[in-house]
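The values are calculated or read from the model by the stated rules, or taken from the named source; none is laboratory data. Owing to the predicted nature of the structure, the values given are computational and were not obtained by experimental measurement. With ideal geometry, Cβ positions are generated from the backbone for all residues, glycine too; neighbour counts draw on all protein chains shown. Note: accessible area is taken over every heavy atom of the protein model, side chains too, but ligands, DNA and RNA are not part of it. Shrake-Rupley method; radii C 1.70, N 1.55, O 1.52, S 1.80 Å.
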Amino acid sequence: MRPFRYERPEDTDAAVALLSEHDGARPLAGGTNLVDLMKLGVATPDVVVDVSRLPLDTVDPLDGGGARIGANVRNADLAAHPLIRRDYPVLSRALLSAASPQLRNLATTGGNLLQRTRCVYFQDVTTPCNKREPGSGCSAIGGYTRYHAVFGHSDDCIATHPSDMAVALAVLDATVVALGPGGERRIPAADFHRLPGDRPHLDTVLERDELVVAVELPPPVTGAVSTYRKVRDRASFAFALVSVAAHLEIDDDEVITGVRIACGGVAHKPWRAARAEELLTGRAASTAAFAEAADAELADATPVEGAEFKVPLLRRTIIAVLRDLAAEATGGRAGITGEEGPR
Ligand SMILES: Cc1cc2nc3c(=O)[nH]c(=O)nc-3n(C[C@H](O)[C@H](O)[C@H](O)COP(=O)(O)OP(=O)(O)OC[C@H]3O[C@@H](n4cnc5c(N)ncnc54)[C@H](O)[C@@H]3O)c2cc1C
Ligand code: SF4
């Protein structure tokens, strides 16, 4: 590991000042990603700004409903928080599907959002990687691509974003609150991570001298159901091959009045399935409708070579998640379970 300066600011303004003053400064929270990358020589900060003791570690109800989650709330504490478990089960389930209990005890809300890709070439400094070293090339193209993209990739980068929590936040229409030298800025969670384009070294829209201070959740919708399902190579302690977070509102006539779907493991950011959502809104809930929506969403999929299996896997996962949510919302009434519908 290269030598670096260690700073422990007293408050968020001092932390932002340190980030502004030093180009090579990076915040340190739980350290479960940053320290690993420093050991590998992938991250080489000159100044490590330890923000882990800043008082950003509470979950507070917001006036008018909703919740504000401090950036330092640990993933384990957030998943277990009574308000989150009751009103935002999709978030609790996404968090519990990630990493291991030991890691979740250290990992924070801010750090989880800012964690880097698990592309093996990104982590191997002996190989070219445009994300690690802009302009050097992409070793994954034509290489090991089992965890790589299906949507929105570019000639410069085909990596996926690894966070489970971020997929849940995208479906919840959450807001990321960032503090910079000019004050606070609010960013919709669905717009926080970027597609790679020709600048894959930028994972998010956060400026280098901004600190994530909180994530805000809107008030829960009465009667809505939500969940998160992750498909992976092992039952635990593995990143998503594909994942689906979904939120569903169904009226007494079994008509879908609200639907939000976000997919993980398939793009450089949580992939909001806008086309499927549009197709389902106002339709009667049925497995055939869910299959049609999944097919519409996947019509534009361009899986990279080696990740083609993710297209049918994601299709089945979207259908299964929506079907189970519809059954939950309606007490398992007929017309929702049954035949899968057309391919
Ligand atoms: C073996 C293993 C398995 C894992 N499995 C999963 C998994 O299945 N799913 C999953 O989602 N994750 C998984 N993770 C990743 C883990 O969730 C992340 O490492 C963790 O969430 C990062 O949080 P942290 O607080 O430790 O961040 P740190 O390592 O401290 O920081 C990570 C990044 O965020 C930046 N940062 C931290 N806080 C802030 C802030 N407030 N504002 C701005 N920038 C900030 C840091 O500078 C750094 O770039 C796994 C990790 C490991 C090691
Ligand atoms: S896919 Fe992206 S992260 Fe992986 S080697 Fe290519 S440029 Fe680097």
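So that you can scan it fast, the table gives a plain yes or no per residue for (1) in a strand (DSSP E or B); (2) away from ligand 2 (no atom under 16 Å from the Cβ):
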residue: Ala43; (1), (2): no, no
residue: Pro55; (1), (2): no, yes
residue: Asp63; (1), (2): no, yes
residue: Ile69; (1), (2): yes, yes
residue: Asp77; (1), (2): no, yes
residue: Val90; (1), (2): no, yes
residue: Ala98; (1), (2): no, yes
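As a summary of the residue check, Ala71 satisfies the conditions (1) of a type outside the set (Ser, Thr, Tyr); (2) touching a strand residue (DSSP E or B) at 6+ places or on another chain (Cβ under 6 Å); (3) open to solvent by 30 Å² or more (accessible area, probe 1.4 Å) except for the one numbered (3).
Scanning the range 100-134 for residues that are in contact with a helix residue (DSSP H, G or I) (Cβ under 9 Å, 6 or more places away or on another chain), within 16 Å of ligand 2 (Cβ to nearest atom) and aliphatic (A, V, I, L, M) turns up Leu114, Val125.
Could you list, in sequence order, the residues of the range 177-205 that are of a type in the set (A, V, I, L, M) and either within 12 Å of the chain's Cα centre (by Cα) or not in a strand (DSSP E or B) (or both)? Hits for the range 177-205 are Ala189, Ala190, Leu195, Leu202, Val205. Scanning the range 234-258 for residues that are more than 25 Å from Thr330 (Cβ to Cβ), open to solvent by 20 Å² or more (accessible area, probe 1.4 Å) and at pLDDT 95 or above yields one hit, Phe239.
There is no residue in the range 26-40 that is more than 9 Å from ligand 1 (Cβ to nearest atom), of a type in the set (Val, Ile, Thr) and surrounded by 14 or more Cβ atoms within 10 Å (Cβ to Cβ). If you check Asp164 against the conditions, is it over 11 Å from the mean Cα position of the chain (by Cα), of a type in the set (Asp, Glu) and modelled with pLDDT of 95 or more? No; evaluated as a whole, the condition is false for this residue. Residue count for the range 300-318, restricted to those that are hydrophobic (A, V, I, L, M, F, W, C) and over 19 Å from Ala246 (Cβ atoms): 3. Looking across the range 223-233, the residues that are in a loop (DSSP other than H, G, I, E, B) and either within 11 Å of ligand 1 (Cβ to nearest atom) or open to solvent by 40 Å² or more (accessible area, probe 1.4 Å) (or both) come down to Gly223, Arg232, Asp233. Which pairs have Cβ atoms under 8 Å, sit 6 or more apart or on different chains, and link a residue in the range 277-302 that is without any contact (Cβ under 8 Å) to a residue 60 or more places away in the chain and of a type in the set (Asp, Glu) to one that is assigned to a loop (DSSP other than H, G, I, E, B) and open to solvent by 20 Å² or more (accessible area, probe 1.4 Å)? Close Cβ pairs satisfying both conditions: Glu292/Gly341; Glu292/Pro342; Asp295/Pro342; Asp295/Arg343.
Can Val125 be described as under 20 Å from Asn33 (Cβ atoms) and touching a Phe, Trp or Tyr at 6+ places or on another chain (Cβ under 6 Å)? Criteria not met by Val125. Number of residues in the range 135-149 that are on the phi < 0 side of the Ramachandran plot and within 9 Å of ligand 2 (Cβ to nearest atom) equals 9.
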